[in-house]
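> Pasting in a structure now, in structure tokens, and then I'll have a few things to ask.
All of the numbers you see were taken from the coordinates with simple rules; none came from a lab. Predicted model, so just to flag it, every value in this text is computed and none were measured. Virtual Cβ from ideal backbone geometry, glycine too; neighbours counted across all protein chains shown.
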Amino acid sequence: MDTDDSPSGHGAVLRKRLDDTTATVAVIGLGYVGLPLVRAVHDSGFRVIGYDTDTAKIDMLRRGETYIRHVGTELVSRLSASDRFEPTSSPDRLADADAILLCVPTPLGPHRDPDLGFVLESTRTIARSLRPGQLVVLESTTYPGTTRDVMQPILEESGLACGTEFFLAYSPEREDPGRDIDPATIPRIVGGVDEASTRLAAALYGHLVEKVVTVSSAEVAESSKLLENIYRAVNIALVNELKVLLTDMDIDVWEVIEAASTKPYGFQAFRPGPGLGGHCIPIDPFYLAWKAKAIGQSTRFIELAGEINARMPDYVVSRLIAALNDAGKPLRGSRVLVVGIAYKPNIDDIRESPAAQIIKLLQGGGAEVSYHDPHVPRFPPMREYRIDLTSQPLTAALLEASDCVVIVTDHDAIDWDLIGRHAGLIVDTRNAMAAVKDPTARIVKA
Ligand SMILES: NC(=O)c1ccc[n+]([C@@H]2O[C@H](COP(=O)([O-])OP(=O)(O)OC[C@H]3O[C@@H](n4cnc5c(N)ncnc54)[C@H](O)[C@@H]3O)[C@@H](O)[C@H]2O)c1
């Protein structure tokens, strides 16, 4: 049987193609993770097949148009003009690829259980045309064991043997949309289901990033991504809990955090906010919690953090109602302007954004809600909510006509001075008004 190390083995042939960048790499799932990855693979010199089942996205890529704001049109038109990039909705094209990288969604189901439907579907698609010498790498965030226990058996239905005929690894994506950082400087963790797979995947990623960190198994790589996200969820919950407590004691939590941050070691600052959002932090910890239950264990930190963070939109609205009450106004009939609906600054992604829950609570209490977000012109349909609103231009007239402005997301492009001068009452969940000099509005932190 061929082995990775034999000169004629499938691994050796693949290794050579990876080393001299003559390999073709397919990226499955061209979303927030997959599209920037296409750029990184392309710019490393490989030929790239970009495969997505969403034909609207493929059509846009062919026309050189972007559907993700922070991945600019300039980049997409450069890719579409390149003879080394092929966007496609045809699964047959995967047979041409030497390496296949999966970046499909891993959401939660209605009972907060992992929904591996997209991973299963795309793994079955790969298995149908799997050929000797292909490397498959999962990048989607998931629970430990997914690559080996879920994907490997499906791929082996092809009749090919893992580790000698095809290769399988996990490498977590560390994309942080909106952060101004060169992705090549972010170290990559790589863990294969066997040593040959680890070596081949590391050889591929070595072209994309400055530093590849190989670990002993796919399970270690899967768990490391979950640790990174659970660490954030738990620490954000901690400062959110302290925010509620310290606010009751008339102590400004943001000032406390800035003071503690002056310690040069042993402390990392996390900032409170209106609740968790995005595709990762509110969701990924529950992948591990589910896996823990499956082996009869509990994950109390994860559950507690989830509980505290999930309570934040209610807390914000209760602070807002109290602030209106101080001004002699009931929530019912009040005009509330929500500033920023994306789940974090400077991006257009509203997945799991707490803005939706805050708007629903306000509307449920009879408020007339409008919003302003320079990155999100229309409120898109969400998993749990349908909100039929469009972004209003931020003007002095709109601010003066609003009984309350609630700041949910502090995009750089927002004119905070204008808000400080023309709003009457501001509920600030991000400490965004701290940078404004002499605001005339009453500011309530929440
Ligand atoms: N967004 C982030 O910042 C981020 C960061 C790190 C990790 N991740 C993880 O990366 C994964 C992808 O996240 P995302 O934000 O890019 O998701 P996304 O929804 O933006 O993109 C996923 C893409 O996959 C496509 N798709 C779905 N099923 C498919 C199939 N069977 N075949 C081909 N294409 C298919 C969808 O059409 C979509 O374009 C998730 O596991 C997520 O947790 C995301």
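> Which FRET efficiency, nearest 0.05, do residue 154 and residue 396 yield, Cβ-Cβ r, R0 45 Å?
0.15
> Here's another thing I want to ask about it. Considering every Cα-Cα pair within region 307-374, what fraction, in whole percent, is farther apart than 15 Å?
54 percent
> Quick one: order 249, 151, 433 by neighbouring beta-carbon count within 10 Å, fewest to most.
Exposure proxy ranking, most exposed first: 249, 433, 151.
> Which whole number in µm²/s is D for region 94-215 by Stokes-Einstein, with the Kirkwood Rh taken over Cα pairs at 4 °C and 1.567 mPa s?
Here the translational diffusion coefficient equals 87 µm²/s.
> Skipping prolines and chain starts, which residues have an amide H placed within reach, meaning under 5 Å, of the one on residue 50, given they are 5 or more residues away or on another chain?
Those lying under 5 Å, H to H, from residue 50 are 27, 86, 88.
> What distance in nm separates the two pseudo spin-label positions at residue 251 and residue 417, each 7 Å out from Cα along the beta-carbon direction?
3.5 nm
> What is the P(r) of region 1-86, as percent of Cα-Cα pairs per 5 Å bin from 0?
Per 5 Å bin, starting at 0, the Cα pair percentages come out as 3, 14, 23, 21, 12, 9, 8, 5, 4, 0.
> Turning to a different aspect of this structure: List the residues, sorted by chain then number, that are 5 or more residues from residue 407 or on another chain and whose placed amide H is less than 5 Å from its amide H.
Result for residue 407 returns 339, 427, 428, 429.
> Using θ = phi - 60° and the Karplus form 6.51 cos²θ - 1.76 cosθ + 1.60, what ³J(HN,Hα) does each residue of region 388-396 get, whole Hz, x for Gly and Pro?
For region 388-396, the Karplus-derived couplings read 8, 9, 10, 5, 9, x, 7, 10, 4 Hz, x marking Gly and Pro.
> Give me the net charge of residue 146's neighbourhood, meaning all other residues with Cβ under 13 Å from the Cβ of residue 146; Lys, Arg count +1, Asp, Glu -1.
Its environment carries a net charge of -3.
> Enumerate the lysines that residue 437 could reach by cross-link, defined here as Cα to Cα under 29 Å, with residues fewer than 8 away along the same chain left out.
Hits, sequence-local ones excluded: 243, 263, 329, 344, 445.
> What is the distance in Å between the Cα centroid of region 148-212 and that of region 289-303?
26 Å
> With 10 Å bins from zero, work out the P(r) of region 154-250 over every alpha carbon pair and list the percent per bin.
Per 10 Å bin, starting at 0, the Cα pair percentages come out as 15, 31, 26, 15, 8, 4, 1.
> With θ set to phi - 60° and the Karplus curve 6.51 cos²θ - 1.76 cosθ + 1.60, what are the ³J(HN,Hα) couplings of region 179-191 in order, to the nearest whole Hz, using x for Gly and Pro?
For region 179-191, the Karplus-derived couplings read 7, 7, 9, 6, x, 5, 8, 8, x, 10, 8, 9, x Hz, x marking Gly and Pro.
> Counting Lys +1, Arg +1, Asp -1, Glu -1, what net charge surrounds residue 49 among other residues with beta carbon under 9 Å of its beta carbon?
Its environment carries a net charge of 0.
> I've got another one for you. So what's the back-of-envelope 222 nm ellipticity for the chain, counting only DSSP H runs of four-plus at -39500 (n - 2.57) apiece and dividing by all residues, rounded to 500?
It comes out at -11000 deg cm²/dmol, rounded to the nearest 500.
> Then there is this: Please turn the phi angles of region 196-209 into ³J(HN,Hα) values with the Karplus equation 6.51 cos²θ - 1.76 cosθ + 1.60 (θ = phi - 60°), one per residue in order, whole Hz, x for glycine and proline.
4, 5, 4, 4, 5, 5, 5, 5, 5, 5, x, 7, 9, 10
> Compute the distribution of all C-alpha to C-alpha distances in the chain, in bins of 20 Å from 0, and list the percent of pairs in each, rounded to whole numbers.
Percent of Cα pairs in each bin: 24, 50, 24, 3, 0.
> With the alpha-carbon atoms as the only input, what is the per residue convex hull volume for region 334-446 in Å³?
Here the figure is 88 Å³ per residue.
> Something else now. For region 255-275 and region 92-112, what is the separation of their Cα centres, given in Å?
37 Å
> Still on this structure, I have one more. Return the Rg/Rh value of region 10-216, two decimal places, where both radii are evaluated on C-alpha atoms and Rh is the Kirkwood radius.
Using Cα coordinates only, the ratio equals 0.94.
> With an 8 Å cut-off on Cα pairs and a minimum separation of 6 or more residues, tell me the relative contact order of region 10-216 in percent.
Relative contact order comes out at 20 percent.
> Still on this structure: Would you please give the residues with an amide H less than 5 Å from that of residue 100, counting only those at least 5 places away or on a separate chain, with H modeled from the backbone geometry?
The answer is 26, 135, 136, 137.
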